[in-house]
Amino acid sequence: MRTIGELAKAAEEALALVTSQPAVVEAEVFAAANSALLTRLNYTSHIPCNGVEEPKSTDSYGIGIQAVFDAPDGRRIGFGSEPSDLTSAGAERALAKARNAAVADPEFVSLPARSASPRRRAGRSRVAPSARSQPRVGWPGSRRMTTRSDGWASSSAGT
């Protein structure tokens, strides 16, 4: 799994590369990494491990570039990505794919501008979790999920 630092460095280097290109007007660079743990089960099997046939783990990462290009017939916007390569060579290939896939969009104005203030996660409050009030009464048939200090979750019926 790639670290956040590696992804940030790759995105910064790719953005510097892309914005140095003469025909690029605007650009966004995305770097991502994902991992998954999978298990194939077969409950009708005679396998002594309770049906676990195949445990797997997969990792994937890559870079994506959305760029606006100046063209003789007007501005064009395109997206390209390169899986499993966070190097400058991968960024160059992703930019080439974005350039080849670029299309004219008469309704396109611009890519989103960078915000002046830092972003906060949606749904997060600055109030400490212990200071938040829990609703006392739910609607009929509702259930409230609570988490105990030992990490186990439980639910209770509302009134």
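Database remark: amide H of V25 closer than 5 angstrom to the amide H of V68, F69, D70 (H placed geometrically; neighbours at sequence offset of 5 or more, or on other chains; Pro and chain starts carry no H). For the peptides 91-97, 76-82, 106-112, the ranking by mean Cβ contacts within 10 Å, running from highest to lowest, is 91-97, 76-82, 106-112. Classify the stretch 4-101: rounded, prolate or oblate, from the alpha-carbon gyration tensor (a ≥ b ≥ c, eigenvalue square roots; a/c under 1.5 rounded; otherwise prolate if a/b is larger than b/c)? Judged from the Cα gyration tensor, the stretch 4-101 comes out prolate (a/c at least 1.5, a/b above b/c). Annotation: amide H-H contacts under 5 Å for G62 (H modelled 1.01 Å from N, sequence separation of 5 or more, or interchain): A32, S84.
The residue among A10, S20, N100 whose Cα reaches farthest toward the positive pole of the charge dipole of the stretch 4-101, with charges on the beta-carbon of Lys, Arg, Asp and Glu, is N100. Full extension of the chain between I4 and A36 yields a length gain of 9.8 nm, computed as 0.36 nm times the residue separation minus the alpha carbon distance. Considering only alpha-carbon pairs that sit under 8 angstrom and 6 or more positions apart, the relative contact order computed for the stretch 50-111 is 32 percent.
Each residue in D105, D73 was given a count of other beta-carbon atoms within 10 angstrom of its own, and listing them fewest first yields D73, D105.
Using only side-chain charges placed at the Cβ, +1 for Lys and Arg and -1 for Asp and Glu, the dipole size of the stretch 4-101 relative to its Cα centre rounds to 220 debye.
Phi angles across the stretch 72-88 convert, under the Karplus curve 6.51 cos²θ - 1.76 cosθ + 1.60 with θ = phi - 60°, into 3J(HN,Hα) values of x, 9, x, 6, 10, 10, x, 10, x, 9, 9, x, 6, 8, 9, 7, 5 Hz, Gly and Pro given as x.
Read-outs: derived from the displayed coordinates by stated rules, not from any lab. Here the structure is a predicted model, which is why all the values come from computation and not from measurement. Positions of Cβ are backbone-derived with ideal geometry, glycine not excepted, and every protein chain shown enters the neighbour counts.
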